[in-house]
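The values are calculated or read from the model by the stated rules, or taken from the named source; none is laboratory data. Since this is a predicted model, take the numbers as computed values, not measurements. For neighbour counting, all protein chains shown are included, and Cβ atoms are generated from backbone atoms with ideal geometry for every residue, glycine included. Just the protein is used for accessible areas: all its heavy atoms, side chains included, with ligands, DNA and RNA removed. Shrake-Rupley method; radii C 1.70, N 1.55, O 1.52, S 1.80 Å.
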Amino acid sequence: MNHFNRIGIDDTLDWNRIRKLFLIGIFAALMVLVGDMLLGFGVEDETLHGLERSFSRFIARSDRTLFWSSLLGIIGIPLECLCYFGIYRLMAERSPRHAHAYRSGILGCLTFGGCGVHMPCLAIVYVYKRMLEVAPERAYDTMLQFGLYFLLPGMILFLIFWTVLCAVQISAFARGCTPYPKWCWIFSLPLPMLTVQIVRLLVGNHAVMYAVSAGWISVGNLWMFGGLLLMMKKAQNTV
């Protein structure tokens, strides 16, 4: 790991460029959050159970809503991932080992986040709705099969790279491998994402909370980019 292969990605601590990436990241996170909230807004049919109950709140979503949700996500998710390179630059100079691992996480999330997870999720909702119209007795089983064949592989790969991304970022910040104070590890994805899901469980079957929880990763991105942006001046003073 002595030789740092930049593969065309600059590791210079350019604060103006990093700030721009964080600002773009906030914009992209808002874009994806809107798309996810369009999909997730609704209440569950409490007479159903399991995945069938979870998917019952999507039935009322129109095809136009699914289109806008897919469009916002397929544009915003790659844009979010590209903005992670602002965080990559924070650790690249002090800890190439962390930067290498973090970059792998970025590239994995960039590859599988939009096309591997977001789009298949929307496709499942569309297929489920159409099957309920033509063959309701087969709709649930068809939805499960579609998910196993076309969503699960991408989701597994995405979660592997997402875990690497989060673990490396927390480790780099907590060990002082960035110009930020060590406690700034809290500006990472898992904390706000977990908080959103806990609040959803406490609130119960509520349309607004389901809408927000559908965009839990985007909520995490808003927390992460926003927090790092607010603390940037303090980090600059430590360099």
Sole miss for Ser69 among (1) within 15 Å of Ser218 (Cα to Cα); (2) not in a helix (DSSP H, G or I); (3) not charged (D, E, K, R) is condition (2)
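Matching residues to (1) buried (at least 19 other Cβ atoms within 10 Å of the Cβ); (2) not β-branched (Val, Ile, Thr):
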site: Ala167; (1), (2): no, yes
site: Ser188; (1), (2): yes, yes
site: Pro192; (1), (2): yes, yes
site: Val219; (1), (2): yes, no
Those residues of region 32-83 that are farther than 15 Å from Val212 by Cα, among the aromatic types (Phe, Trp, Tyr) and open to solvent by 60 Å² or more (accessible area, probe 1.4 Å) come to a total of 2
Region 196-238: number of residues that are within 15 Å of Met37 (Cα to Cα) and either hydroxyl-bearing (Ser, Thr, Tyr) or without any contact (Cβ under 8 Å) to a residue 12 or more places away in the chain (or both): 4
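So, in region 168-195, exactly how many residues are within 23 Å of Val32 (Cα to Cα), part of a helix (DSSP H, G or I) and in contact (Cβ under 8 Å) with a residue 24 or more places away in the chain? Step through it out loud before you land on a result.
Here is the first cut: in region 168-195, the residues within 23 Å of Val32 (Cα to Cα) are 169, 186-195.
Those still in the list that are part of a helix (DSSP H, G or I) too: 169, 186, 190-195.
With the extra rule that they be in contact (Cβ under 8 Å) with a residue 24 or more places away in the chain, the set shrinks to 169, 186, 190-193.
Total meeting the criteria: 6.
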How many residues of region 198-216 are open to solvent by less than 40 Å² (accessible area, probe 1.4 Å) and over 17 Å from Ala29 (Cα atoms)? The answer is 4
Out of (1) out of contact with any Asp or Glu (no Cβ under 9 Å at 6 or more places or on another chain); (2) assigned to a helix (DSSP H, G or I); (3) over 21 Å from Ile106 (Cβ atoms), what's the single condition that is false for Met143? (1)
